Amino acid sequence: MAEPRTDAPIWGMTAEYESPAAIYHAAERFRDAGYAKWDVYAPIPIHGIDQAMGLKPSKVGWFVAVGAIVGVSGGLLMQWFMNAFAYQINVAGKPLFAWEQFMPVTFELGILFSATMALLAMLTLNGLPRWNHPLFGHDRFLRVSDDRFMIVVESKDPKFDAEATRRLLEECGGTHIETVVEE
Amino acid sequence: MSSFNPDERTAQRMAGGQDRPDAERPRDPETIDGTIIDDPSVRPPLVLGDRDFHSVTETICGWAENPAPKWWMPAFLISSAVSGIGTLMILYLIITGVGVWGLNSPVMWGWAIVNFVWWVGIGHAGTLISAILCIFKQKWRTSINRFAEAMTIFAVICAGTFPGIHVGRVWFAWMLFPIPNYNYIWPQFRSPLLWDVFAVGTYFTVSLLFWYMGMIPDLATLRDRALKRLHMKAAVGPIEIALGKIRAFGYGFFALGWRFSSRGWLNYEKAYILLAGLATPLVLSVHSVVSFDFAVSILPGWHTTIFPPYFVAGAIFSGFAMVLTLLIPARELYPGMKDFVTARTLENMCKIITLTGLIVGFAYAMEFFIAWYGGNVFESEAFIIRAIGPYWWAYAIMFSCNVLSPQVFWFKWARTTPWFIFIVTIFVNIGMWFERFVIVTTLSSDFLPGSWRYYAPTYVDVLTFVGSLGIFMTLFLLFMRFLPMLAISEVKNVLPQADPHGHHGSESGDGAGEKNGKEGAHG
């Protein structure tokens, strides 16, 4: 949908910036103006943009911690169940559950679960996978993955106002200010 | 990130270089491209050729988008034919039994385990480069990490094949996994062979996750470029349009709808650094566990505590060698790759090869010392037989390739001349294969001289190994053809333009905008 439909409701407003520095300062303005449903789109993770946007630290770490606990305790429990309980193998009268021998697999399973959780948490927290999005219908957005920097304010934002938002985007140096319609 | 002095000096140097191009930088495209700077207070540039974001995208995506280079199809046909031979050999093995290999009574483990350990070892470089160098903030890794991670995954695929087929009756391989079954039998978790299943399985999964997650933004870049081409109606003819749609769909599917949002990048970066932190102990543990296959046994020559660190060092050693073996030709064959993979990158890798080669050499010496110092007659005999017994030639190849050949990198010319590095890395690959061969053939002389037997491979052993090289190269050529070979967003992130605070300090973040403003705007 390269041609924007005029009858569809507005999803948001986009503005382009030329460099990480320019968008960094623009982001500070939007943060201070109290916008909530907006985002900075950039081909790279801009260093320090989370502070400029006033974002809270990522929660991925908590998910990974859960993954680690589940992996380690589940791994140990599984080995206890299989070798010390359900199918006991007597090797030279050695104890059935000597924890030392179960450490390598416990460790590996801890890593396996934490790493899987890291990816899943990243995707879940970002709302991915999501293959359709109003921004994908916006041709200029496709340059963001190359070398453009874009601020997008959603119309759902309580502070969104077609005029005021456009003015703010312009004031902090935005070019090509355009509206994106709902898909 | 730019508050350190060296960065600032580099920035000044680069800014100066634009006014007076090549005035102070010696430029010789073959060897020293201006990135080999002996003054440690100057940070050499990571990306050459005055590139901006757009030219980075164009070059790296171009390798995947443009028609294949002329050499690609012949190379692909040859390597897939070789992998076909390997597959036939595996089929023959499964139909007939492990008797088609050269195994005999004391040597129950032959080339299959040698190849397994060799391939897993090679697979260590990728995660080491991505994880450990990431944690140590070695920014030169950004140009090689994708490449090395791909190599890791394909190497572990080849590695995993061998234990899978060497169990003999492959239709029982599922018994390695804790799967409920009608006999109510569970695996024996006190065996290192089972630890191996979990270690290598985890390593493969985590490496794949790491590789894939790092690639999501770059796949999204390829998706957006494919979409843009469709929108611009650049394609002519129904076939080209259909191919364009397939590209957009394929890249788009695996990009999972990534939108380059900063809220997304925040979670992404957190997940990435956590994965790096998790992969670091993992990469060290995997080859330790592989070495337990030998070290936990009670055979002289195998039952030593030095095995885990010695195997890990050897793994890094062989992995870096294999990365260079693949990287140096690719660097010549793909236009523009030399701007990213600089002479400095090659030099750094050579230094790591020399270091790990020395560790491996130290381990060889220490094994002998302990065999003598420990006073165990079986152990000292095992080592004497290893060095001057029937397999003396393998020991000699191992020692000269692994310990002596990397010492040439003490000379600057040797570690900055790509064709020469390439030759040395081939030696290292051979040497590391023989290291595993030497360890495994220790079996041929066991406790009773009456049962000693010489082990020699059959043609099936040899062709299966050659076939695994074919599988590896086939997968690697497909990777080079269709996926982003370098990490686009990470390379962009180490360009000076990526710094939101300009080239001067990062204390306040104010007042640097106008200086930096012009740079991201080309293209």
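The values are calculated or read from the model by the stated rules, or taken from the named source; none is laboratory data. Predicted model, so just to flag it, every value in this text is computed and none were measured. Cβ atoms come from the backbone with ideal geometry, glycine included; neighbour counts cover every protein chain shown.
Quick notes
- Any hit, the stretch A:148-164, residues being crowded, with 21+ Cβ neighbours inside 10 Å and at pLDDT below 85: no
- Picking from residues in the stretch B:483-502 that are out of contact with any helix residue (DSSP H, G or I) (no Cβ under 6 Å at 6 or more places or on another chain) and modelled with pLDDT of 85 or more, the one that is farthest from the other protein chains (Cβ to nearest Cβ) is B:Leu483.
- Pairing each residue of the stretch A:12-29 that is in contact (Cβ under 8 Å) with a residue 12 or more places away in the chain with any residue that is among the basic types (Lys, Arg) and part of a helix (DSSP H, G or I), provided the two are 6+ apart or on different chains, yields C-beta distances under 9 Å for A:Met13/A:Arg166; A:Thr14/A:Arg140; A:Ala15/A:Arg166; A:Glu16/A:Arg140; A:Glu16/A:Arg143.
- Residue ID - farthest from A:Gly174 (Cα to Cα), chosen from residues in the stretch A:42-89 that are more than 9 Å from chain B (Cβ to nearest Cβ) and of a type in the set (A, V, I, L, M): A:Ala84
A quick yes/no check of all residues on (1) surrounded by 21 or more Cβ atoms within 10 Å (Cβ to Cβ); (2) in contact with a helix residue (DSSP H, G or I) (Cβ under 8 Å, 6 or more places away or on another chain); (3) over 24 Å from B:Phe294 (Cβ atoms); (4) within 12 Å of another protein chain (Cβ to nearest Cβ):
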position: B:Thr161; (1), (2), (3), (4): yes, yes, no, no
position: B:Trp171; (1), (2), (3), (4): no, no, yes, no
position: B:Tyr182; (1), (2), (3), (4): no, no, yes, no
position: B:Phe189; (1), (2), (3), (4): yes, yes, no, yes
position: B:Met213; (1), (2), (3), (4): no, yes, yes, yes
position: B:Pro217; (1), (2), (3), (4): yes, yes, yes, yes
position: B:Arg223; (1), (2), (3), (4): yes, yes, yes, yes
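- In this structure, B:Ile239 does not satisfy being out of contact with any Asp or Glu (no Cβ under 9 Å at 6 or more places or on another chain), at negative phi, more than 9 Å from chain A (Cβ to nearest Cβ) and surrounded by 15 or more Cβ atoms within 10 Å (Cβ to Cβ).
- Residues satisfying the stated conditions in the stretch B:325-350, i.e. in contact with a Phe, Trp or Tyr (Cβ under 7 Å, 6 or more places away or on another chain) and assigned to a helix (DSSP H, G or I): B:Thr325, B:Leu326, B:Leu327, B:Ile328, B:Leu333, B:Arg344, B:Thr345, B:Asn348, B:Met349, B:Cys350
- Test result for B:Glu367, touching a helix residue (DSSP H, G or I) at 6+ places or on another chain (Cβ under 6 Å), assigned to a helix (DSSP H, G or I) and more than 30 Å from B:Thr35 (Cα to Cα): no
- Single residue of the stretch A:107-130 satisfying the filter (buried (at least 22 other Cβ atoms within 10 Å of the Cβ) and more than 19 Å from B:Ala271 (Cβ to Cβ)) that is nearest to the other protein chains (Cβ to nearest Cβ): A:Glu108
- Qualifying residue in the stretch A:131-144 (condition: among the charged types (D, E, K, R) and more than 9 Å from chain B (Cβ to nearest Cβ)): yes
- Residue within the stretch B:325-338 that is crowded, with 23+ Cβ neighbours inside 10 Å and at pLDDT 90 or above present: yes
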